């Protein structure tokens, strides 16, 4: 990842972000991690097992970082742009679920 990159707005960042997730396995690991975060969060709140909330970053970032380090072979965007990256994880998952994910940024179109 080029450390000199800068973005004028979120849309510019998001297109960069999608390009950093061009590997289908990396994206799938993001979807799994994000989905598990929602499941554990819901379970924790319903059952009042609040100690489980500590596992959320490990679950979410763990799956994502495995995708980047072993499949995408790049440095996660969250290291430099943590807030936009976190938001983009959820936007990407939503677009995947709704089948509106822009495919032009991926090798595996």
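Over the C-alpha atoms of region 1-63, what are the Rg and the largest Cα-to-Cα span, Dmax, in Å?
Cα-based Rg and Dmax for region 1-63 come out at 15.4, 46 Å.
Suppose the chain between residue 95 and residue 70 were pulled fully straight at 0.36 nm per residue; how much longer would it get relative to their current alpha carbon spacing?
Roughly 6.6 nm would be gained on extension.
Between residue 22 and residue 83, what length in nm is gained on full extension when 0.36 nm per residue of separation is reduced by their alpha carbon distance?
19.9 nm
Only counting other Cβ atoms within 10 Å, I'd like 100, 25, 78 sorted with the fewest neighbours first.
Fewest to most other Cβ atoms nearby, the residues stand as 100, 25, 78.
What order do you get for 27, 99 when you list them from fewest to most C-beta neighbours inside 10 Å?
99, 27
Can you tell me the FRET efficiency between residue 36 and residue 15 if r is taken as the Cβ-Cβ distance and R0 is 22 Å, rounded to the nearest 0.05?
With a Förster radius of 22 Å, E is 0.25.
Let me have the 222 nm mean residue ellipticity of the chain computed from DSSP H runs of 4+ only, each contributing -39500 (n - 2.57), with the sum over all residues rounded to the nearest 500. Walk me through the intermediate numbers first.
On the way: 4 runs with 62 residues, N = 109.
Here the helix-only value at 222 nm equals -18500 deg cm²/dmol.
For region 1-50 and region 60-76, compute the distance between their C-alpha centroids and round to whole Å.
What the calculation gives is 10 Å, centre to centre.
Just need the relative contact order of region 10-102 here, percent rounded to a whole number, with Cα pairs under 8 Å and 6+ apart.
That works out to 36 percent.
Please find, in a Gaussian network model of the chain (springs between Cα atoms separated by less than 10 Å), the residue of 12, 48, 72 whose mean-square fluctuation is greatest.
48
Say we join alpha carbon atoms closer than 10 Å with springs in a Gaussian network model of the chain; which of 65, 84, 54 then has the biggest fluctuation?
54
Angle check, please: helix 10-19 long axis (alpha carbons) against the longest principal axis of the chain (alpha carbons), in degrees 0 to 90, nearest 10.
With both axes taken from Cα atoms, the answer is about 90 degrees.
Round to the nearest 10 and give me the degree value, 0 to 90, for the angle of helix 82-97's Cα axis relative to the longest principal axis of the chain.
90 degrees
Which value in nm describes the separation of the simple spin-label points at residue 45 and residue 5, placed 7 Å from the Cα toward the beta carbon?
It is 3.1 nm.
Among 66, 46, 97, determine the one that fluctuates most according to a GNM of the chain built with springs between C-alpha atoms less than 10 Å apart.
Of 66, 46, 97, the Gaussian network model singles out 46 as fluctuating most.
No lab work stands behind these numbers, since they all come straight from the coordinates. A quick note: this is a predicted structure, and the numbers were derived from the prediction, not measured. Every residue, glycine as well, gets a Cβ built from its backbone with ideal geometry; the counts of neighbours run over all protein chains shown.
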